[in-house]
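The block underneath contains the structure these notes are about, expressed in structure tokens.
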Amino acid sequence: MKDLSLHILDLSQNSISAGAGLVKITVNEDIKKDTLTISIEDDGKGIQKDLLKNIMDPFVTTRTSRKVGLGIPLMQAACRRCEGDLAIESEENVGTKLTATFRHGHIDRAPMGDMAETMLTLILAGSDSDRSVDFVYKHILNSEEFCLDTREIRTALGSEINLGRPDVLMWIKGYINEGLKNLRGGM
């Protein structure tokens, strides 16, 4: 995948498919320590222990539509190319946490990509499912932090407003882009 936001999109869609009601996405860029950490945590059904042992194998998947599952192995390969790694913790009926680490300044590290579009896609997918899925997207750059929490937006708008409405999505996109711009010093 050409950027990390697409990996985040792919792996977070697994959380939606696993029945998560809350998906937490944290991007932590520590320039001084030269680290980039991405974590995706959900409260979905978790991964069975026998599947978890082989989860990095591209020929292991729970999908019935195809016989390969490339999202996790591709993310692991991206991490390892950049002196990092991928770890997955999961407990059945509790949830899953995936943590990807990279050397931030590594020449082969893919760019972050468009996190606003990634979050819009996830929010739309979560609002189109038979249950609403909430997202907490936190982006930390050194000691500065930006956070989007769809639970707060739902509270402000009222339960009758669907987050998938075009006007709401456009506001969310602007909010994320402005927050990330301010995080980087207005640049």
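The values are calculated or read from the model by the stated rules, or taken from the named source; none is laboratory data. Note that the coordinates shown come from a computational prediction; the quantities given were computed from them, not determined experimentally. Cβ sites come from the backbone with ideal geometry, for glycine too, and all protein chains shown count toward neighbours.
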- request: Return yes when Ile153 is farther than 18 Å from Ile8 by Cβ and of a type in the set (A, V, I, L, M) and no when it is not.
  value: yes
Checklist (1) in contact with a Leu (Cβ under 7 Å, 6 or more places away or on another chain); (2) within 17 Å of Gln13 (Cβ to Cβ) applied to Phe102, failing item: (2)
query: Pick from the stretch 111-133 the residues that are acidic (Asp, Glu) and at pLDDT 95 or above: which of them is farthest from Leu183 (Cα to Cα)?
result: Glu117
message: So, in the stretch 3-46, exactly how many residues are of a type in the set (A, V, I, L, M) and within 23 Å of Arg80 (Cα to Cα)?
response: 11
- prompt: When you look at Leu163, is it in contact with a Ser or Thr (Cβ under 6 Å, 6 or more places away or on another chain) and farther than 30 Å from Arg80 by Cα, yes or no?
  reply: yes
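Kindly indicate whether any position in the stretch 103-116 is basic (Lys, Arg) and over 22 Å from Glu29 (Cβ atoms). It would help to see each step written out before you state the result.
The initial filter retains those residues of the stretch 103-116 that are basic (Lys, Arg), namely 103, 109.
If we keep only those that are over 22 Å from Glu29 (Cβ atoms) as well, we get none.
There is no residue in the stretch 103-116 that is basic (Lys, Arg) and over 22 Å from Glu29 (Cβ atoms).
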- prompt: Taking into account only those residues within the stretch 148-187 that are without any contact (Cβ under 8 Å) to a residue 24 or more places away in the chain and hydrophobic (A, V, I, L, M, F, W, C), which is farthest from Leu124 (Cα to Cα)?
  reply: Met187
- request: Give me a count of the residues in the stretch 163-187 that are within 23 Å of Ser143 (Cα to Cα), modelled with pLDDT under 95 and in contact with a helix residue (DSSP H, G or I) (Cβ under 6 Å, 6 or more places away or on another chain).
  value: 0
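Within the stretch 13-32, restricting attention to residues that are touching a Phe, Trp or Tyr at 6+ places or on another chain (Cβ under 9 Å) and surrounded by fewer than 20 Cβ atoms within 10 Å (Cβ to Cβ), which residue is farthest from Thr101 (Cα to Cα)?
From the stretch 13-32, those touching a Phe, Trp or Tyr at 6+ places or on another chain (Cβ under 9 Å) are 22-27; that's our starting set.
Pick out the ones that are also surrounded by fewer than 20 Cβ atoms within 10 Å (Cβ to Cβ) and you get 22, 26.
Working: Leu22: 22, Thr26: 12 Å.
Here the answer is Leu22.
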- request: Scan the stretch 107-145 residue by residue and report those that are exposed (fewer than 15 other Cβ atoms within 10 Å of the Cβ), touching a residue at least 60 places away in the same chain (Cβ under 8 Å) and over 28 Å from Arg81 (Cα atoms).
  value: Ser129, Arg131
task: Could you please find all residues in the stretch 160-182 being loosely packed, with under 14 Cβ neighbours inside 10 Å, under 21 Å from Asp128 (Cβ atoms) and charged (D, E, K, R)?
output: Glu160, Arg165, Asp167
